[in-house]
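The values are calculated or read from the model by the stated rules, or taken from the named source; none is laboratory data. Source: prediction; values computed, not measured. Every residue, glycine as well, gets a Cβ built from its backbone with ideal geometry; the counts of neighbours run over all protein chains shown.
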Amino acid sequence: MKAFDKCPICSGEMVEKEVEKLLRGGKNTATINVVAEVCLNCGERLYSEEQVRKFEEIRTKLSRDETNTYQRLGISFRVSA
């Protein structure tokens, strides 16, 4: 059951979709695929309280470099313009 029928930002229609969420903590970045309610008009994403708690847990582990259980995908670089 959807928590919102209409987007709280623009009143657009909300649908459940699988999305990729980017999380940062310290110098580390992780991605996670989750189901979110997404507005078809403006793209606003709404996550469950459980998902938000999981995001915070992941951010904490990233900032503490506790990443040994995460799959390494590559190396990121910062480039000056």
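Kindly indicate the residue of the stretch 25-46 that is of a type outside the set (A, V, I, L, M) and not in a strand (DSSP E or B) and also surrounded by the most Cβ atoms within 10 Å (Cβ to Cβ) among those meeting that condition.
Only one residue fits best here, namely 44.
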Return yes or no: is residue 69 surrounded by 12 or more Cβ atoms within 10 Å (Cβ to Cβ) and outside any helix (DSSP H, G or I)? no
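Every residue, every condition in (1) more than 28 Å from residue 76 (Cβ to Cβ); (2) among the hydroxyl-bearing types (Ser, Thr, Tyr), yes or no:
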| site | (1), (2) |
| --- | --- |
| 3 | yes, no |
| 8 | yes, no |
| 17 | no, no |
| 20 | no, no |
| 30 | no, no |
| 38 | no, no |
| 48 | yes, yes |
| 58 | no, no |
Mind checking which residues of the stretch 11-24 are exposed (fewer than 15 other Cβ atoms within 10 Å of the Cβ) and over 14 Å from the mean Cα position of the chain (by Cα)? 11, 13, 15, 16
Considering only the stretch 14-22, I want to know if a residue exists there that is touching a Leu at 6+ places or on another chain (Cβ under 9 Å) and assigned to a strand (DSSP E or B). yes
Write out, first by first residue and then by second, each pair whose Cβ atoms fall under 8 Å of each other, whose residues are 6+ apart or on separate chains, and whose first residue, in the stretch 62-76, is aromatic (Phe, Trp, Tyr) while the second is modelled with pLDDT under 90 and not in a loop (DSSP other than H, G, I, E, B). none
